[in-house]
Amino acid sequence: MSSAGARVLVVDDERPILRVVSSNLERRGFQTDTAATGAEALDAYRRHKPDVVVLDLGLPDMDGVEIIRAIREAAATPVIVLSAREAERDKVEALDAGADDYVSKPFGIEELLARIRVALRHTAGSGAEPVFTAGGLTVDFERRRVEVAGAEVHLTPTEYELLKVFIARRDRVLTDRMLLQAVWGPEYGSEDHYLHVYVARLRKKIEPDPTSPRLLITEPGAGYRFVTPDAAR
């Protein structure tokens, strides 16, 4: 979906933040709705059916994670958490509940706008592409062929499945639990060390410098993000 005319629901109990975010969005052609409580947010979501939700976790009447879960029960609308909570458990809980991204306060408005544009691009391009290319990496899904700088790279079946998950949800923060369940199955979720070994192996095969990754980056206290060149970080 193009950002032009897209509808964004901004949820925050700090009125100055609501004003700043909504005014900046409207100047760039977005339609905006605002809410200062969880009840207002859920009502606005049902009435306006926004394309993206920007959500603070610390609301006066309910925790933002409850809102994420309610949205996920209804639809796959992208949810970008905007919160002052820095604890690892808060980030992981929000992402595991179904949030697509996490931006910490204080934040830059341009970064937030870039994250919103990325979310809209994913909504528009949710179908699987036959060939994916980014930063010297090429993945031909029909032929199951992976190339780096034009040279074929051989991945194990598990490494290939992990790479597929990263590409399918590129530019989004993925927790260890999300990745374990997507690749190894729903009975997994606490075997973090197992995942970290495979991420390290994958980096050695697809990154020019595995010690300073450019595609498969670590999000401290949250998980991993597969970054495409034009996405915000």
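The values are calculated or read from the model by the stated rules, or taken from the named source; none is laboratory data. Keep in mind the model is a prediction, meaning the values are calculated, not measured. Note that we place each Cβ from the backbone using ideal geometry, even for glycine, and neighbour counts take in every protein chain shown. Remember, those area values only see protein heavy atoms, side chains included, never the ligands or the DNA or RNA. Shrake-Rupley method; radii C 1.70, N 1.55, O 1.52, S 1.80 Å.
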#### Entry: Cβ-based charge dipole, segment 1-56, positive-most Cα from ALA44, VAL20, THR32
THR32
### Task
Kindly express, to the nearest 10 degrees and within the range 0 to 90, the angle between helix 88-97's C-alpha long axis and the longest C-alpha principal axis of the chain.
90 degrees
### Query
Where does the charge balance sit around THR138 when Lys and Arg score +1, Asp and Glu -1, over other residues with C-beta under 9 Å from its C-beta?
-1
### Average Cα contact separation per residue, the chain, under 8 Å, 6 or more apart, as relative contact order %
15 percent
### Query
Among THR156, THR32, THR175, what's the order by accessible area (1.4 angstrom probe), most exposed first?
THR156, THR32, THR175
### Query
What is the diffusion coefficient of segment 18-108 in µm²/s, taking the Kirkwood radius over Cα pairs and the Stokes-Einstein relation at 10 °C with a viscosity of 1.306 mPa s?
119 µm²/s
#### Entry: segment 1-132: relative contact order as a whole-number percent, Cα under 8 Å and 6+ apart
24 percent
### Task
Enter the angle in degrees (range 0 to 90, nearest 10) between the Cα long axis of helix 64-74 and the first principal axis of the Cα atoms of the chain, meaning the one along which they spread out most.
70 degrees
## Note on the structure
Per the 1/(1 + (r/R0)^6) rule, R0 = 22 Å and r from the Cβ atoms of THR156 and GLN181, FRET efficiency to 0.05 is 0.70
## Note on the structure
In Å², rounded to a whole number, the accessible area per residue of segment 161-233 with probe 1.4 Å is 48 Å²
### Query
Under a point spin-label approximation (7 Å from Cα along Cα-to-Cβ), what is the THR133-ASP61 distance to one decimal in nm?
5.1 nm
### Message
Taking the Cα centre as origin and putting +1 on Lys and Arg beta-carbons and -1 on Asp and Glu beta-carbons, what dipole magnitude results for the chain, to the nearest 20 debye?
### Response
660 debye
### Task
Could you tell me what percent of the accessible area of segment 73-142 is made up of carbon and sulfur, with a 1.4 Å probe and every protein chain present?
51 percent
### Query
Can you list the trypsin sites (Lys or Arg not before Pro) in segment 102-211 that are in a DSSP coil and have 15 or fewer other beta carbons within 10 angstrom?
ARG143, ARG144
#### Entry: Accessible-area value, ARG214, 1.4 Å probe, nucleic acids and ligands omitted, Å²
150 Å²
### Query
Using a ≥ b ≥ c from the Cα gyration tensor of segment 125-233 (square roots of the eigenvalues), is it rounded, prolate or oblate, where a/c under 1.5 gives rounded and otherwise the larger of a/b and b/c decides, a/b for prolate?
rounded
### Query
Helix 38-48 sits at what angle to the longest principal axis of the chain, using alpha carbons and giving 0 to 90 degrees rounded to 10?
80 degrees
## Note on the structure
The FRET efficiency for GLU142 and GLN31, from their Cβ-Cβ distance with R0 = 41 Å and rounded to 0.05, is 0.60
### Task
Once you have the Kirkwood Rh of the chain from its Cα pairs, apply Stokes-Einstein at 37 °C and 0.692 mPa s and quote D in µm²/s.
177 µm²/s
### Query
Per-residue HN-Hα couplings for segment 104-119, Karplus 6.51 cos²θ - 1.76 cosθ + 1.60 at θ = phi - 60°, whole Hz, x for Gly and Pro?
8, 7, x, 9, x, 5, 5, 5, 4, 4, 5, 5, 5, 5, 4, 4
